[in-house]
1. Leaving out ligands, DNA and RNA, and with a 1.4 Å probe, what % of the accessible surface on the protein assembly as shown is carbon or sulfur?
2. Kindly write out, for the stretch A:288-301 in residue order, the coupling ³J(HN,Hα) from the Karplus curve 6.51 cos²θ - 1.76 cosθ + 1.60 (θ = phi - 60°), rounded to whole Hz, with x marking Gly and Pro.
3. Tally the DSSP beta bridges in the protein assembly as shown and give the antiparallel ones as a percent, rounded to 5.
4. Using the alpha-carbon centroid of each, what span in Å lies between the stretch A:204-251 and the stretch B:116-188?
5. Using amide H atoms built 1.01 Å from N in the peptide plane, name the residues 5+ places from B:A35, or on other chains, whose amide H lies under 5 Å from its own.
6. Once you put a point 7 Å from the Cα of B:A127 and another 7 Å from the Cα of B:E227, both along the Cβ direction, what distance in nm separates them?
7. Between B:D79 and B:A497, what is the label-to-label distance in nm when each label sits 7 Å out along the Cα-to-Cβ direction?
8. Quick one: which residues, 5+ away or cross-chain, put their amide H under 5 Å from the amide H of B:G287? H built at 1.01 Å from N.
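The values are calculated or read from the model by the stated rules, or taken from the named source; none is laboratory data. The model shown is predicted, which means the values in this text are computed figures rather than measured ones. Using ideal geometry, Cβ is built from the backbone for each residue, glycine included, and neighbour counts are taken over all protein chains shown. With ligands, DNA and RNA removed, areas are computed over all heavy atoms of the protein, side chains included. Shrake-Rupley method; radii C 1.70, N 1.55, O 1.52, S 1.80 Å.
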Amino acid sequence: MSRRLLWPVLALVALLLVNVFVTPSFLSLRMQDGHLFGSLVDILRNGAPTLLIALGMTLVIATRGIDLSVGAVAAIAGAVTCTHIAAGGDPFSGMAIALALCALMGLWNGFLVSVVGVQPIIATLVLMTAGRGIAMLITEGQIITVDNPAYRQIGAGFLVLPIAILISVAALVGVALVTRRTALGLLIESVGVNPEASRLAGVRSRTIIWTVYVFVALCSGVAGLMISSNVSAADANNAGLWIEMDAILAVVIGGTSLAGGRYSLTGTLLGALIIQTLTTTVYTIGVPPEVTLVFKAVVVLAVCLLQAPALSRALAPRRKVVLP
Amino acid sequence: MTEPVVDIRGISVEFPGVKALQEVDFRLFPGEVHALMGENGAGKSTLIKALTGVHRPVAGEVLLGGERVAFAGPAQAQDAGISTVYQEVALCANLTVAENILLGREPRRFGAINGRAMRARAAELLARIGLRVDPRSTLASHPIAIRQLVAIARAVAIDARVLVLDEPTSSLDADEVAELFRIVRVLRDEGVAVLFVSHFLDQVYEIADRMTVLRNGRVVGEWTTAELGRLELVQAMLGRELGVLDELEHRPDKGRAGEPLLVAEQLGRKGAIAPFDLTIRRGEVVGLAGLLGSGRTELARLLYGADKADTGRVLVDGEPLKLRGPRAAIEAGIAFSSEDRKGEGLVADLSVRDNLILAMQAARGWARPVPRKQADELVAKYLKMLDIRPADPDALAGNLSGGNQQKLLLARWLVTRPRLLVLDEPTRGIDVGAKAQIQKLVAELAADGMAVLFISAELEEVVRVSDRVVVLRDRRVVAELSGVDLGVDDVVELIAATPGAEPEKVAS
Ligand SMILES: Nc1ncnc2c1ncn2[C@@H]1O[C@H](COP(=O)(O)OP(=O)(O)OP(=O)(O)O)[C@@H](O)[C@H]1O
Ligand SMILES: [Mg+2]
């Protein structure tokens with residue numbers, strides 16, 4: 001295993017140990033009706049949307065970008081589908097419409113960043129704020145509840161394991177295969193490390209940047225479906241709230257630099273698991289709700305610091321200076 | 001003899017898999033210019049970085065003024081009186097020239113930065129090295145040579161005991177070099193110790209009092225300039241004699257060019273270069289000569305579509321070519337190796353292999369990766385052909401020495417087998433042996449039918465490799481020289497001639 005994944009792995013193990021210490025039954029799994037149950041399974045299921053968005057975010061960050069609108073896009077996907085189903089529509093066509101709309105929003109972000117040249121953080125801030133408004137318009141300000149067994153499957157269904165995590169992991173494996181077996185990964189990294197050199201080498205930077213923004217929007221859309229399906233409702237205000245932060249943190253904890261370039265999908269997987277385990281831990285060890293965010297921040301800060309080059313150099317075994 | 005101001009004893013620096021320096025001793029005396037010589041990758045820049053605290057040695061010690069020092073970083077070294085111009089210009093491209101020169105030492109009034117005083121002080125320092133640029137302009141708007149001069153202005157502005165110059169002249173013209181040397185002499189006479197790195201032997205013999213030669217991370221020896229002749233120096237650096245240089249003097253097929261490959265008609269871009277006509281034939285090497293700011297790079301960029309022309313057109317094989325960008329040029333068989341290898345050339349965080357196949361891969365599109373086996377074969381072939389060291393395909397491009405990076409960039413374009421190769425300063429920072437090798441390679445490529453546009457600040461080199469030399473002055477093409485016995489003097493005359501004359505054709 002590469003060295004830069006060492007700290008994330010240790011952090012994850014440490015978090016799991018804390019949980020085992022507090023709740024000895026933490027690691028136990030049981031089979032019931034062909035489903036797997038247990039705290040670990042819960043972590044996987046609840047972490048699936050974050051993982052999926054973090055996956056798309058990894059590629060965006062690798063191109064030196066960032067997407068703040070993922071939470072809003074997720075809310076829109078849920079809103080569109082639930083409204084469609086509530087109006088008597090078929091869940092599958094509802095999801096298709098929702099994802100098409102997400103792709104459109106990805107195109108918009110990609111357009112602002114790669115064609116107009118707006119700073120990614122500003123470009124996606126537009127949709128981050130406007131997106132929730134759009135979701136509100138779609139749901140007319142209501143929380144829309146639906147009762148559709150087919151739709152429930154995405155977020156709450158099981159095929160031994162939760163379907164949501166299966167989708168996310170499949171996407172992760174798919175992206176890993178596509179980017180590493182083709183030259184896409186190389187070109188994405190090259191654009192992220194040095195956009196001008198890449199342009200002069202003939203890389204289609206614009207197309208690549210555009211593609212990653214559309215991809216992350218689609219990931220957000222599916223994640224939004226998971227979130228809304230899990231509770232059989234669309235809440236324009238709260239669905240996917242702050243998930244952009246969790247996703248970005250997952251990427252950073254996984255060792256992909258916000259400065260762009262080299263990315264690690266395995267790292268992102270670890271990062272997403274850490275974030276979700278952390279959230280679970282906060283509940284199991286009974287951290288009072290008002291300090292939850294502070295607690296999370298401290299852990300994240302610790303992992304990021306441990307990865308910082310200055311600190312890792314300081315911690316590295318210093319070789320003795322030989323005197324003549 | 002006086003005490004050395006810098007005394008490096010038995011220093012070793014290691015990187016994963018590379019022993020960059022092994023037990024190196026080095027002394028620098030006050031009031032001397034000491035040249036550090038060696039091939040690409042010999043360890044010159046590493047020694048400098050070990051002195052200024054960028055790299056931590058695994059063994060040995062550094063004495064500054066007799067006291068043991070171990071700087072935690074370049075800032076500390078600077079505070080201790082070591083002022084450094086690094087090989088890859090390390091300035092902030094998006095700040096102004098004035099800010100870059102005075103960064104960290106801004107004149108202040110009531111605690112706030114005094115903008116006017118800062119510009120005045122910067123202008124003064126720029127004038128000192130004879131550079132005329134607006135201190136308010138952003139650094140990014142200037143070519144590499146100007147950035148290099150700004151870095152020098154910054155370095156000489158500091159009251160330092162030791163001035164370190166790592167290839168400061170690699171993209172400068174004769175006039176700027178003369179200006180730099182004038183200042184270096186003044187500083188030397190004031191007692192400053194100057195450490196100077198360059199691959200230009202003429203410059204070294206002109207300015208240096210003493211030299212230390214490194215080879216493969218070890219010291220070969222220390223001599224005064226007077227006691228070591230050129231041939232012995234080259235031999236000490238390479239560990240063998242140099243024979244290739246003479247071969248090139250006689251390019252047998254010089255002047256035998258084929259059909260026109262690329263024709264530019266009244267191509268121009270406002271503020272960059274006035275509309276010009278240019279024909280490049282198959283198998284021909286066309287040189288571009290001109291002073292700093294004469295528009296050489298700008299001309300090349302237009303032919304490649306790196307910048308968009310606003311007048312004129314380009315014909316390739318007689319057909320108009322719409323140059324919407326680099327991709328269009330690449331599809332037409334044009335390649336362009338930029339003078340700014342760090343900013344516009346290599347992708348530092350990717351491996352040597354990835355950098356080498358990048359242009360080829362980009363042309364194929366993402367869905368058709370270059371097969372691993374083919375990539376490995378290409379890498380092996382070109383690493384050997386251009387003698388890129390270390391010959392490790394998985395090394396990060398950014399960790400190669402300056403000269404090896406330059407060779408890697410050249411290799412990236414050679415693998416695409418272009419029909420027209422535009423080389424902007426292809427030998428920048430390249431050692432004597434490799435330079436001759438690259439010039440020879442250019443001649444061979446031309447003999448195989450490739451057209452080459454060759455740009456270099458070093459006139460001798462341009463004249464030596466080119467069939468035809470296009471002279472630029474003040475951002476316009478002023479003359480074209482051809483002929484078998486084209487001489488440097490002819491070109492110098494035209495470059496320096498008074499502006500205003502109409503374009504002329506000269507054959508010698
Ligand atoms: N950060 C690094 N990581 C790994 N290897 C390095 C690093 N920096 C330098 N090296 C290696 O150390 C050796 C010496 O490099 P150095 O840059 O000192 O050469 P140089 O003498 O300055 O050459 P040039 O004339 O090309 O600038 C080279 O083999 C280079 O690849
Ligand atoms: Mg060097």
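1. With neighbouring chains kept in place, the figure for the protein assembly as shown is 58 percent.
2. Running phi through 6.51 cos²θ - 1.76 cosθ + 1.60 with θ = phi - 60° gives x, x, 6, 9, 3, 5, 4, 4, 4, 4, 5, 5, 4, 4 Hz.
3. Antiparallel bridges make up about 60 percent of those DSSP assigns within the protein assembly as shown.
4. 50
5. B:F196, B:D209, B:R210, B:M211, B:T212
6. 4.4
7. Distance between label points: 5.7 nm.
8. Under 5 Å from the amide H of B:G287: B:F454, B:D467, B:R468, B:V469, B:V470.
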